[in-house]
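Trainee: After the structure tokens below, expect a handful of questions from me.
The values are calculated or read from the model by the stated rules, or taken from the named source; none is laboratory data. No experiment lies behind these values; they were computed from the predicted model shown. Backbone-built Cβ (ideal geometry, glycine too); neighbour counts: all protein chains shown. Ligands, DNA and RNA are stripped out before the accessible areas are found, and what is left, the full protein with its side chains, is counted by its heavy atoms. Shrake-Rupley method; radii C 1.70, N 1.55, O 1.52, S 1.80 Å.
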4 protein chains.
Amino acid sequence: MAVRAAVAGASGYAGGEVLRLLLGHPEVEIGALTGHANAGQPLGALQPHLVPLADRVLEPTDPETLAGHDVVFLALPHGQSAAVAEQLGERTLVVDCGADFRLRDAAAWERFYGTPHAGTWPYGLPELPGAREALRGSRRIAVPGCYPTAVSLALFPAYQSGLVEPEAVIVAATGTSGAGKALKPHLLGSEVMGSMSPYGVGGGHRHTPEMAQNLSALAGEPVSVSFTPTLAPMARGILATCSARVRPGVTAEHVRAAYAKALADEPFARLLPEGQWPSTAAVLGSNAALLQVALDETAGRLIAISAIDNLTKGTAGGAVQSMNVALGLPEELGLPRVGVAP
Amino acid sequence: MAVRAAVAGASGYAGGEVLRLLLGHPEVEIGALTGHANAGQPLGALQPHLVPLADRVLEPTDPETLAGHDVVFLALPHGQSAAVAEQLGERTLVVDCGADFRLRDAAAWERFYGTPHAGTWPYGLPELPGAREALRGSRRIAVPGCYPTAVSLALFPAYQSGLVEPEAVIVAATGTSGAGKALKPHLLGSEVMGSMSPYGVGGGHRHTPEMAQNLSALAGEPVSVSFTPTLAPMARGILATCSARVRPGVTAEHVRAAYAKALADEPFARLLPEGQWPSTAAVLGSNAALLQVALDETAGRLIAISAIDNLTKGTAGGAVQSMNVALGLPEELGLPRVGVAP
Amino acid sequence: MAVRAAVAGASGYAGGEVLRLLLGHPEVEIGALTGHANAGQPLGALQPHLVPLADRVLEPTDPETLAGHDVVFLALPHGQSAAVAEQLGERTLVVDCGADFRLRDAAAWERFYGTPHAGTWPYGLPELPGAREALRGSRRIAVPGCYPTAVSLALFPAYQSGLVEPEAVIVAATGTSGAGKALKPHLLGSEVMGSMSPYGVGGGHRHTPEMAQNLSALAGEPVSVSFTPTLAPMARGILATCSARVRPGVTAEHVRAAYAKALADEPFARLLPEGQWPSTAAVLGSNAALLQVALDETAGRLIAISAIDNLTKGTAGGAVQSMNVALGLPEELGLPRVGVAP
Amino acid sequence: MAVRAAVAGASGYAGGEVLRLLLGHPEVEIGALTGHANAGQPLGALQPHLVPLADRVLEPTDPETLAGHDVVFLALPHGQSAAVAEQLGERTLVVDCGADFRLRDAAAWERFYGTPHAGTWPYGLPELPGAREALRGSRRIAVPGCYPTAVSLALFPAYQSGLVEPEAVIVAATGTSGAGKALKPHLLGSEVMGSMSPYGVGGGHRHTPEMAQNLSALAGEPVSVSFTPTLAPMARGILATCSARVRPGVTAEHVRAAYAKALADEPFARLLPEGQWPSTAAVLGSNAALLQVALDETAGRLIAISAIDNLTKGTAGGAVQSMNVALGLPEELGLPRVGVAP
């Protein structure tokens, strides 16, 4: 029997990507699609790539529309999920692609988001230790941020194995779709093509406490995170360059072994052969994360690099993967591990 | 029982795209993968996006390797397919992504390709009148060129219905993957990013006689084709702008009706609602062709525009679609109609 | 003694490009810079590439601010120039980068722009026959549209020499800066990168009557223009592919000779050597137009292709070049003929 | 009297950029242009953007051709400059855009470049303390690497003022022109568009010891450098994100003051107003470096970011700027401080 899924916020990039994946999911039947300003419009005018859904009309995001589905994906602006989720019964699986239920530390939430903390849901990054157990059978899922996904995948073997000091330095480049469809001058094609630029420098990006939360849990001690995001001239993709000082005595062999072991059975997180480095092009539209690690012996630092598609593994793919786990379906079901390249 | 498929030329862009699609095809099992200069290398080093095949090693392209498969896809340089095909039994379905068997006119072949004409195989553009019949049960398929695919889809309703004069003017923009992985200076990223440039201007492009062949067959009289290809700063996609003078008395309603009727039942060729125009982004990685048509009453011309992914519908998707028809499988099997956007 | 120049609309792309060029002009001193919504802001926050003007503050666009300059460049939305120009004395050279004074045919103006016709000023494309004479000493200049610049340069030798029939078919690709800084969803980087798409198809683009006006004047008879603009994934540049049926008896030698003669003394419009084709990358930031022409004997059409930078030769460079002519300065003064490539 | 300049290696990206700048330099007359494989070809076929030099023919790179110039720019592959320079008289100013004479530490040279150390010339980064003095009157200049230029400009105020610990972590994104015109598969447009990828990870990039040399000299103690370069989908530009742990007691005010003071009189290195961050687009084709700095108090790190054009300030612009200093010309002569944006 098919899983019936609704998508709230179907006109945005995250919602569109959820739909792209659900269209290829053999166990899912697509139910209600809702929007806010775009309610009443055919999806074909807003998401022309979703050809099979072109004639579906967006409904308003309200409880009646979303009721009666097995799964509801929320792809709403931050701060709107709690109110919607509250009205959906406990038997409905609610998968929140927004930030509202990611952080455990209410103070950090309030400092970075400026609103009261709504709570914490099981965290939709199955690769992290304990995550699958928490997701299994759950009816609420907080999908991780795109950057925390890339960074946590790159560094969890290092922190889990105690290879590095609790101070991570991260510089990541994202495609512009990470900023959504917001009409802001710096997101115009004329501005971004041919240009790299940083933003949220100096600790201000909202994904910083989420990374610190994940890494600290792995390390068993507080990990400080220096995070600098940059905007790259591409529509999709995150390349996260993560480094930390290695602890005394750690060798390249230790590093390789820890990563190989941590990633051995992961269906989506793949450690590349030595000497090969990830690129975002190789994961375009794919739920795969490509990883590589090196030890810089001169500088005394471990460098771990991950490439993901920010909309797929970084958002909608992570959401569907976690849905699969929660519903007891095969984790890989309906999820591409093949990128669209070149 | 699965269809066992080999791919000759698996390290190139066309071969890689065939593999990407076959990985998602429920009835296909991937057999031998062959290469020339790259034989002996793992596919992961050459096509890092094909994660599930990363550890497969390329074999040399020889008859023994390719024997024993139900289907063999040839993604070889022009002129090499005939020799390989000859050695494959008549019961093997051979799908040639190259140009060798596309043209019926031996003189045109020799003028444009400079080698003896190898013959003509059933033409893998199922949307053309009579094409499905010719493909059904065939064990040889000539996959159309990427530009002729885009142009023939845009103009076949017009010529089929006698709406326009037999002189077509076509300007098309292609992504750089259309030129393959050849190491040529003008294909370097530094040269193509931020740049549009024409090539093969004045009738010299090899796809010109193939377009003329298709349009002339539809018109029932020789159609002259003025074709100008341009290289656009994107990896994938073709946008073909095609026009011809309308015959006296033809109205916008005639045009719309002819296109609506011709495309009504096509699974992959979609006429957009009036006022909406196609973009290559909407078909990235998809086998869909998005089409629109307008009548410019002042200039007296019909303008038809198509957007396809040159590697998918324009090459590998067309190949798999035609394979489905030849083998009696559902035509849409394993083929995405959803683009990876944004 | 320096020419004192003001720029109205200094926060937009056209205004910014005028300033970039004026900063390199040895006879110009930059005076007032005005804006509308951005008045009061430092230019450095809006146009960070104009480093030497970073601390200049935008003033409101009003007659007092603009008074007392030798030259005033208007880079305003269409329809606003007439009112501003009226308040500037007759001795001030007013260079209008907008469309208001380009068309001679009031009916065409009203049909395409929907407002009353403001009049016609000398046309700032010095390469056209008679244009320099009209510009010399003039105190009003209508800068051509970017597409008409590219198209008129590509086709004027053909129409001037009577080589082709009066039906031109034009397909042009533009960089996104041609659409200005308007915050529209289809101009977001996420939408335009990796994508080609048409717009204004079927004769609706406002530059169509301007092209027809130029070509008809050259041909001495009405020239019908079929024009299809497309948006390319690049910030700057126009590649215009223009064709028309050749008149009987015209040979490749006639074509070459006509183009060579027409362009022989032009400082900015350069006919490339045979076999070399223009690219927009080669004219990035340059006032040069690169041109090439071919005769397709099979199709019976002349194909002329031009590449310009839409903001430089297509707008601000054409404006400064025309200013030079009007003021009796050397035509090339302050204008780069070197592109920024790769 | 004009300075007569030759360019050896005029067909490459660095040589082309030197020529672009020299064409705009009021005191320079362009003499011999030489190439290797391309000798005998017109420059217009190789560098179509250099319109005024289109008909100049490349000569072979030999001593007779280069003799008799006041300045010779060497834009040759690494390792070839010493032999050429030796044959040029001591009165000729030789400006080496290659790496041969940058490093003082012969052992580091040999470890990273694998050839015997050729020596050390005055270092062409005038912004560094003492550099102008060393350049003035010199007849030999080693132009810095593009990455060391970006990184040294970003960090010199911090190390000079003792604000940070001697361990720098640097992640930089470069445009593809940094790799030159080499025909390598990973540099094809199809591969780089839409993709971010790292290379030389773990301390292997040849610019690492050059950065360490510069920062150590400023710090007065050995500075360890962890450097990760990444390739971005753009033709030009470097965005360098540099960080180091701040020393105890250092405040945001200290940081700001140190940077403001260090950069106060620099013509090309500009500290942006607080809250504004650099982008590579703003320096396209410009010799300006845009800089910003922040203190991340939570992570205890100073983050300094610079944007330069790798071919201009990072190579050819730095070369011309240093030539100006060496020859006693005004340092800014002929060098744009205005980027080509958008």
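Trainee: What size of dipole, in debye to the nearest 20, comes out for the protein assembly as shown about its Cα centre when the only charges are +1 on Lys and Arg C-beta atoms and -1 on Asp and Glu C-beta atoms?
Mentor: Details: 92 positive and 120 negative charges, 0 e Å.
Magnitude of the dipole: close to 0 debye.
Trainee: Follow-up. Return the inverse of the average 1/r over all pairs of distinct C-alpha atoms in region D:140-210, which is the Kirkwood hydrodynamic radius, in Å to one decimal.
Mentor: On the way: mean 1/r = 0.0688 Å⁻¹.
About 14.5 Å for region D:140-210.
Trainee: Name the lysines eligible as straight-distance cross-link partners of B:K261: C-alpha to C-alpha under 18 Å, and not fewer than 8 places from it in the same chain.
Mentor: none
Trainee: Sticking with this structure for a sec: Report the local net charge at C:Q80: Lys and Arg +1, Asp and Glu -1, summed over other residues whose C-beta lies under 14 Å from its C-beta.
Mentor: Values: positive: none; negative: C:D62, C:E86, C:D96, C:D100.
Taking every Cβ under 14 Å from that of C:Q80, the sum is -4.
Trainee: Return the FRET efficiency for the residue pair A:Q41, C:V57: r is the Cβ-Cβ distance, R0 is 45 Å, and the value is rounded to the nearest 0.05.
Mentor: Working: r = 42 Å, r/R0 = 0.93.
The value I calculate is 0.60.
Trainee: Let me ask something additional. May I ask you to give the percent of accessible area on chain A that is carbon plus sulfur, with a probe radius of 1.4 Å?
Mentor: On the way: 5640 of 10970 Å².
The computed percentage sits at 51.
Trainee: Follow-up. In region A:45-143, what trypsin sites (Lys or Arg not before Pro) fall in a loop by DSSP, with at most 13 other Cβ atoms inside 10 Å? Kindly include the intermediate steps, with their values, before the conclusion.
Mentor: Details: sites: A:R56, A:R91, A:R102, A:R104, A:R111, A:R132, A:R136, A:R139, A:R140; in loops: A:R56, A:R91, A:R102, A:R104, A:R136, A:R139.
Passing sites in region A:45-143 are A:R91, A:R136.
Trainee: State, as an integer percentage, the relative contact order of chain D based on alpha-carbon contacts under 8 Å between residues 6 or more apart. Don't skip to the answer; put the middle values down first.
Mentor: On the way: 799 pairs, mean separation 60.7, N = 342.
Relative contact order, chain D: 18 percent.
Trainee: Return the long-range amide H neighbours of D:L311 (sequence gap of 5 or more, or a different chain), with a cut-off of under 5 Å between placed amide H atoms.
Mentor: For D:L311, whose amide H was placed from the backbone, the distant partners under 5 Å are D:G237.
Trainee: What does the average come to when, for each residue of peptide B:285-293, you count the partner chain Cβ atoms lying within 10 Å of its Cβ? Before the final figure, lay out the partial values.
Mentor: Details: counts 9, 5, 1, 4, 1, 5, 0, 3, 2.
Partner Cβ neighbours, averaged per residue: 3.
Trainee: Given contacts defined as C-alpha pairs under 8 Å and at least six residues apart, what's the relative contact order of region B:199-259, whole-number percent? Mind dumping the intermediate values first?
Mentor: On the way: 30 pairs, mean separation 20.6, N = 61.
Normalised by residue count, the contact order of region B:199-259 is 34 percent.
Trainee: Work out which residues of region A:178-227 lose at minimum 50 square angstrom of accessible surface when the other protein chains are put back, relative to the chain isolated, with a 1.4 angstrom probe, and list them by number.
Mentor: A:L183, A:L188, A:S190, A:M193, A:G194, A:M196, A:P198, A:V201, A:G202, A:S226
Trainee: Choose one answer from C:G314, C:G178, C:G68: the residue with the largest mean-square fluctuation in a GNM of chain C with alpha-carbon springs under 10 Å.
Mentor: Of the options given, C:G68 has the highest mean-square fluctuation.
Trainee: Next question, about the same structure. Ignoring ligands and nucleic acids, what accessible area does B:H254 show with a 1.4 Å probe (Å², nearest 10)?
Mentor: Taking all protein chains as shown, B:H254 has close to 90 Å².
Trainee: Of all DSSP beta bridges in the protein assembly as shown, what percent run antiparallel (nearest 5)? Each step should come with its number before you reach the end.
Mentor: Details: 110 of 230 bridges.
Percentage antiparallel, nearest 5: 50.
Trainee: What residues of region A:299-318 lie in the reach of a label at A:R256, counting those whose backbone N is under 18 Å from a point 7 Å from the Cα along Cα→Cβ?
Mentor: Within reach of a label on A:R256: A:301-305.
Trainee: Could you work out how far apart the two model spin labels at C:E221 and B:R247 are, taking each label as a point 7 Å from the Cα in the direction of the beta carbon, and quote it in nm?
Mentor: Placing both labels 7 Å beyond Cα along the Cβ direction yields 2.6 nm.
Trainee: What does the accessible area per residue of chain B come to in Å², with a 1.4 Å probe and no ligands, DNA or RNA counted?
Mentor: On the way: 11000 Å² over 342 residues.
Ligands and nucleic acids excluded, the result is 32 Å² per residue.
Trainee: In the neighborhood of A:L302, defined by Cβ-to-Cβ distances under 15 Å, what is the net charge if each Lys or Arg adds +1 and each Asp or Glu adds -1?
Mentor: Working: positive: A:R245, A:R247, A:R256, A:R301; negative: A:E165, A:E167, A:E253, A:E274, A:D296, A:E297, D:E167.
After counting each charged neighbour, the total is -3.
Trainee: Computed FRET efficiency, Cβ-Cβ of B:A2 and B:R111, R0 41 Å: what is it to the nearest 0.05? Walk me through the intermediate numbers first.
Mentor: On the way: r = 42 Å, r/R0 = 1.04.
The formula returns an efficiency of 0.45 here.
Trainee: Can you check what the net charge comes to around B:P126, using other residues whose Cβ is under 12 Å from the Cβ of B:P126 (Lys, Arg +1; Asp, Glu -1)?
Mentor: Net charge in that neighbourhood comes out at -3.
Trainee: Please list, short to long, the whole-number percent of alpha-carbon pairs of region B:193-272 in consecutive 5 angstrom bins beginning at zero.
Mentor: Once binned at 5 Å, the Cα pair distances of region B:193-272 give 3, 11, 14, 20, 21, 15, 11, 4, 1.
Trainee: Another one. Quick one: compute the contact order of region A:265-342, relative version, from alpha carbon pairs under 8 angstrom and 6+ residues apart, as a percent.
Mentor: Numbers: 138 pairs, mean separation 27.4, N = 78.
Over region A:265-342, the number comes to 35 percent.
Trainee: Hey, got the average number of other protein chain Cβ atoms within 10 angstrom for residues in C:272-282? Could the numbers behind the result be given before it?
Mentor: On the way: counts 5, 5, 0, 1, 5, 9, 4, 13, 5, 12, 9.
For peptide C:272-282, the averaged partner shielding equals 6.
Trainee: Assign unit charges at the C-beta atoms only (+1 for Lys and Arg, -1 for Asp and Glu), then state the dipole size of region C:199-342 relative to its Cα centre in Debye, rounded to the nearest 20.
Mentor: 220
Trainee: Give me the summed buried accessible area for the C-B pair, 1.4 Å probe, to the nearest 100 Å².
Mentor: Numbers: alone 14370 and 14390 Å², together 25620 Å².
Buried surface at the C/B interface: approximately 3100 Å².
Trainee: Quick one: dipole size for chain A, taken about the Cα centre, charges +1 on Lys/Arg Cβ and -1 on Asp/Glu Cβ, in debye to the nearest 20. Please report the intermediate quantities before stating the final value.
Mentor: Working: 23 positive and 30 negative charges, 61 e Å.
Value, rounded to 20: 300 debye.
Trainee: Compute the normalised compactness of chain C: alpha-carbon radius of gyration over 2.2 N^0.38 Å, N being the residue count.
Mentor: In units of the 2.2 N^0.38 Å rule of thumb, it is 0.96.
Trainee: Another question about this same structure. Which of D:P222, D:P122, D:P148 moves the most in a Gaussian network model of chain D with Cα springs under 10 Å?
Mentor: Answer for the Gaussian network model of chain D: D:P222.
Trainee: Sticking with this one: Can you return the lysines within cross-link range of A:K181? Criterion is Cα-Cα under 27 Å, with same-chain partners fewer than 8 residues away left out.
Mentor: A:K313, C:K181, C:K184
Trainee: Say R0 is 41 Å: what FRET efficiency, to the nearest 0.05, do A:R104 and A:T298 get from their beta-carbon distance?
Mentor: On the way: r = 38 Å, r/R0 = 0.92.
About 0.60, to the nearest 0.05.
Trainee: Of A:L88, A:G31, A:L46, which is farthest on the positive side of the dipole of region A:20-109, counting Cα position, with +1 on Lys and Arg Cβ, -1 on Asp and Glu Cβ, and the Cα centre as origin?
Mentor: Going by the charge dipole, the pick is A:L46.
Trainee: Place +1 on the Cβ of every Lys and Arg and -1 on the Cβ of every Asp and Glu in chain A, take the dipole about the Cα centre, and give the residue among A:H207, A:Y13, A:P273 whose Cα lies farthest towards its positive end.
Mentor: Checked the options; the winner is A:P273.
Trainee: Considering the zone a paramagnetic label at D:R132 would reach in this model (a point 7 Å from Cα along the Cα-to-Cβ line), which residues of region D:146-173 have amide N under 20 Å from it?
Mentor: Residues passing the 20 Å test: D:149-150, D:152-161.
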